[in-house]
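Undergrad: I'd like to ask some things about the structure below.
Coordinate-derived values only; no laboratory data. Since this is a predicted model, take the numbers as computed values, not measurements. Cβ atoms come from the backbone with ideal geometry, glycine included; neighbour counts cover every protein chain shown.
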Amino acid sequence: MRATLAALSGGILFGAGLALSDMINPARVLAFLDLAGTWDPTLALVMAGAVLASAVGYIVARRLQRPWFGTSFFIPENRRLDRQLIAGAALFGAGWGLVGFCPGPALAALIFGLWQPWLFAAAMLIGMALQRMVGAAGRHSPGATSAGHP
Amino acid sequence: MIAPFSIGYALGGGLLIGGAASLLLLLTGRIAGISGLVARVATIADSGPPWRLAAAFVAGLPIGTALVARFVRQPHIEVTSSVPLLIAGGLLVGFGTRLGSGCTSGHGVCGIGRLSPRSIVATLTFMVAGFATVFITRHMLVGG
């Protein structure tokens, strides 16, 4: 229960950060990605602040035996740079550049009653399900590993 | 028209985002990777945190956004993409984030924060792909 409430608080803070920094506005994100147009540096600064704050959390976490409301830390330890990672990131970046939404902002933007974030989010879920079906079909070969976490 | 660029909102929002990721990590031991959490909520992920935890985090996103919209700053959302582009973009983002094990939050914010080589490579890759896509759609396909 406490962990669930902690996760809810984390989600609220995260959503607040997305709105405050204007990352929920696809036009703002596309303006950052448009190097040849009127470039908007917002996303770079948001990333800088976010990486800094997440690094502090990670440094603290490394000194702890376990999280406050949990039994252990689940931090990805995979260091392999494989084809799935690169291909997946490239496809994601292409979709991101087409619309200006990545998963977090698309979900946060659902609140405004616009239809576009809903359509995007529905397509995103279908894309996720498709990847799982394709992945399951290809997993009979022992060399293929499932994706897991970042 | 997008509002003028604001250093304070950008940095402040970024610190909130990273702080939220730190809070989730320190309190629950989980990485705030939104694509992974969403897949978990939709029960299309093989691994990840308990469903309730993932659902609580994902539900918090629009709540936090609504709170800022109500009390701090009314965001202006401008989606210019056509229906086919929204669908194609959503499909690519969904498929790609699962294949590549993460998105802007899991790889970009959390992964780079702990200097994960996979996340650094993934972030550079999706950034370059994003730059290239916008360059093609805005400067090569449109005769402008």
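Undergrad: For A:THR71, B:THR137, A:THR38, what's the fewest-to-most ordering of other Cβ within 10 Å of each Cβ?
TA: Lowest to highest Cβ neighbour count: A:THR38, A:THR71, B:THR137.
Undergrad: What FRET efficiency would be calculated for the residue pair A:GLU77, A:TRP39, taking the C-beta separation as r and a Förster radius of 30 Å, to the nearest 0.05?
TA: For R0 = 30 Å, the calculated efficiency reads 0.25.
Undergrad: Take every Cα pair under 8 Å in segment A:2-138 that's 6+ residues apart, average their separations, divide by the length, and report that relative contact order as a whole percent.
TA: Relative contact order, segment A:2-138: 29 percent.
Undergrad: Among A:ALA137, B:ILE7, A:PHE14, whose Cα projects farthest towards the positive end of the dipole of the protein assembly as shown, with charges put on the beta-carbon of Lys, Arg (+1) and Asp, Glu (-1)?
TA: So the residue we want is A:ALA137.
Undergrad: Based on Cβ point charges of +1 for Lys and Arg and -1 for Asp and Glu, what charge dipole magnitude is obtained for segment A:2-138 about its Cα centre, in debye rounded to the nearest 20?
TA: 600 debye
Undergrad: At 7 Å along Cα-to-Cβ for each site, give me the label-to-label distance between B:LEU141 and A:MET1 in nm.
TA: Calculated label separation equals 5.2 nm.
Undergrad: May I pose another question? What is the fewest-to-most order of B:LEU24, A:LEU35 by other Cβ atoms lying within 10 Å of their Cβ?
TA: A:LEU35, B:LEU24
Undergrad: Another question, then. For the protein assembly as shown, build the charge dipole from Cβ charges (+1 Lys, Arg; -1 Asp, Glu) around the Cα centre, then report which of B:ALA32, B:VAL134, B:VAL93 sits farthest towards its positive end.
TA: Result: B:ALA32, furthest along the dipole toward the positive end.
Undergrad: Can you work out D for segment A:10-75 in µm² s⁻¹ from Stokes-Einstein, where Rh is the Kirkwood radius over C-alpha pairs, the temperature is 37 °C and the viscosity is 0.692 mPa s?
TA: Rounded to a whole number, D works out at 234 µm²/s.
Undergrad: Shifting gears a bit: For chain A, just the Cα atoms, rotate onto the principal axes and tell me the three extents in Å, largest first.
TA: Rounded to whole Å, the extents work out to 45, 39, 31 Å.
Undergrad: Pick out the long, greasy-scoring helices in chain A: whole DSSP H runs spanning 18 Å or more along their own axis by Cα, mean Kyte-Doolittle at least -1.0.
TA: Those that pass (Cα extent of 18 Å or more, hydropathy at least -1.0) are A:2-20, A:42-62, A:83-99, A:115-138.
Undergrad: Fewest first, what order do A:LEU114, A:LEU8 take by the number of other Cβ atoms within 10 Å?
TA: A:LEU114, A:LEU8
Undergrad: A follow-up question, please. Any idea what the dipole of chain B comes to, in debye rounded to 20, about its Cα centre with Lys/Arg Cβ at +1 and Asp/Glu Cβ at -1?
TA: The dipole of chain B has a size of about 220 debye.
Undergrad: Additional query: Compute and list, largest first, the equivalent-ellipsoid semi-axes of segment B:1-115 from the alpha carbon gyration tensor, each √(5λ) rounded to a whole angstrom.
TA: Equivalent ellipsoid semi-axes, largest first: 24, 21, 14 Å.
Undergrad: Relative contact order for segment A:1-62 using alpha-carbon pairs under 8 Å, separation at least 6, rounded to a whole percent?
TA: 18 percent
Undergrad: Mind giving me the FRET efficiency for B:ALA59 and A:ALA48? R0 is 30 Å, r the Cβ-Cβ distance, nearest 0.05 is fine.
TA: With a Förster radius of 30 Å, E is 0.60.
Undergrad: Each label point is 7 Å from the Cα along the Cα-to-Cβ direction; what then is the distance between the points at B:GLN74 and A:ALA136, in nm?
TA: 4.6 nm
Undergrad: B:ALA39: net charge of surrounding residues, Cβ under 11 Å, Lys/Arg +1, Asp/Glu -1, itself excluded?
TA: Value of the local net charge: +2.
Undergrad: Determine the relative contact order of chain B: mean sequence separation of Cα pairs under 8 Å and six or more apart, normalised by residue count, in whole percent.
TA: Taking the mean separation of contacting Cα pairs over the length of chain B, I get 23 percent.
Undergrad: Note down the Stokes-Einstein diffusion coefficient of the protein assembly as shown in µm²/s, whole number, using a Kirkwood radius over alpha carbon pairs, 10 °C, and 1.306 mPa s.
TA: Estimated diffusion coefficient is 86 µm²/s.
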